[in-house]
1. How much net charge surrounds Gly34 when only the other residues with a Cβ under 14 Å from the Cβ of Gly34 are counted, with Lys and Arg +1 and Asp and Glu -1?
2. If you stretched the chain out fully between Lys61 and Val244, how much longer would it get, using 0.36 nm times the residue separation minus the C-alpha to C-alpha distance?
3. For Arg29, Arg105, Arg242, what's the fewest-to-most ordering of other Cβ within 10 Å of each Cβ?
4. Determine, for Thr26, Thr241, Thr50, the number of other Cβ atoms within 10 Å of each Cβ, and report the residues in order from fewest to most.
5. Just to compare against my own numbers: the Cα pair-distance distribution for segment 157-271, 10 Å bins, whole % per bin, please.
6. Indicate the gyration tensor shape class of segment 1-57 (rounded, prolate or oblate), computed on the Cα atoms with a ≥ b ≥ c the square roots of the eigenvalues: a/c under 1.5 is rounded; otherwise a/b larger than b/c is prolate and the rest oblate.
7. So if R0 is 30 Å, what FRET efficiency would Leu227 and Thr68 give, r being the distance between their Cβ atoms, rounded to the nearest 0.05?
8. Tell me, rounded to the nearest percent, the portion of alpha carbon pairs in segment 27-107 spaced more than 14 Å apart.
Amino acid sequence: MSYGLLKGKRGIIFGALDENSIAWKTAQRVHEEGGSFVLTNAPIAMRMGTINQLAEATGSKIIPADATSLEDLEKLVNEAVEVLGGKIDFVLHSIGMSVNVRKGRSYTDQKYDWTAKGWDVSAGSFHKVMQVLYKQDAMSEWGSIVALSYMAAQRVFPDYNDMADNKAFLESIARSFGYFFGRDKKVRVNTISQSPTPTTAGKGVKGFDGFISYAEKMSPLGNASALDCANYTVSLFSDLTRKVTLQNLFHDGGFSNMGVSDAVMQAFEDQ
Ligand SMILES: NC(=O)c1ccc[n+]([C@@H]2O[C@H](COP(=O)([O-])OP(=O)(O)OC[C@H]3O[C@@H](n4cnc5c(N)ncnc54)[C@H](O)[C@@H]3O)[C@@H](O)[C@H]2O)c1
């Protein structure tokens, strides 16, 4: 269903790799709600993914950018403003990657140049995106910037590895930069802390299947899907949430406030 919530709004969507990506679903929902946007991803992801199909279906231009490169980001923002015909109203940062996770190094045996790469891609890039938008004065007043996080920023999920630290860093950047963006440009900045979701990044985490089933059983509303996340993001891009900023917003069917559920108790009682 469409409510026209983003009619006339312009944006940049980072991180749509394939149809499972949270950014992919968000782009589809933003399009349905009347928003126009530029799609962007790392040049290497362009070769692996299917972003062209999404661009065609939503009438969007693709501008490749490595989100860790200031030069790429400066070009991206300049071009996006030009292509879209005005300042930016919404930005989705949907980017995450840990080389330690990818290569199966445990949290207690990190290779630190991989650790550094992971935090640059997963968290530093968020600061860079915002700094470029801020310096170019490219955001409209009452614009909205959202990044995606996970609850391992607050609680221990051993196999989430150094991504836990990257997400804590990301959430802190949202608060710190959100202050300046709010004070100086009336722009809001939030993170959404999303349920485990079966995407390329999600499934890359060791033990993901156990993880997602456990969360499903613990959450009174069940896990939030990628589409649910897209809908929530649309609400944060809309004018209905203008005074929400500096928040880490849990979007997880209630998981983050649970101690134990009947379904999980049952599994232990049956043993
Ligand atoms: N899947 C989950 O369980 C889950 C849960 C909570 C939060 N998240 C977060 O949601 C976001 C989106 O991930 P997803 O689950 O949709 O997986 P995904 O693999 O579809 O998306 C990750 C994206 O990051 C992009 N990326 C990696 N390096 C980049 C770089 N240098 N420059 C630009 N883009 C780069 C990838 O190309 C990809 O499009 C991530 O921040 C992820 O941590 C995911």
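1. Local net charge: 0.
2. Difference between extended and current length: 62.9 nm.
3. Arg242, Arg105, Arg29
4. In order of increasing Cβ crowding within 10 Å: Thr50, Thr241, Thr26.
5. Result, from short to long distances: 13, 36, 33, 15, 3, 1 percent.
6. Taking the square roots of the gyration eigenvalues as a ≥ b ≥ c, segment 1-57 is prolate.
7. 0.55
8. 68 percent
Rule-based calculations on the coordinates, nothing more; no lab input. Bear in mind the structure is a predicted one, so any value in this text is a computation, not a measurement. Cβ atoms come from the backbone with ideal geometry, glycine included; neighbour counts cover every protein chain shown.
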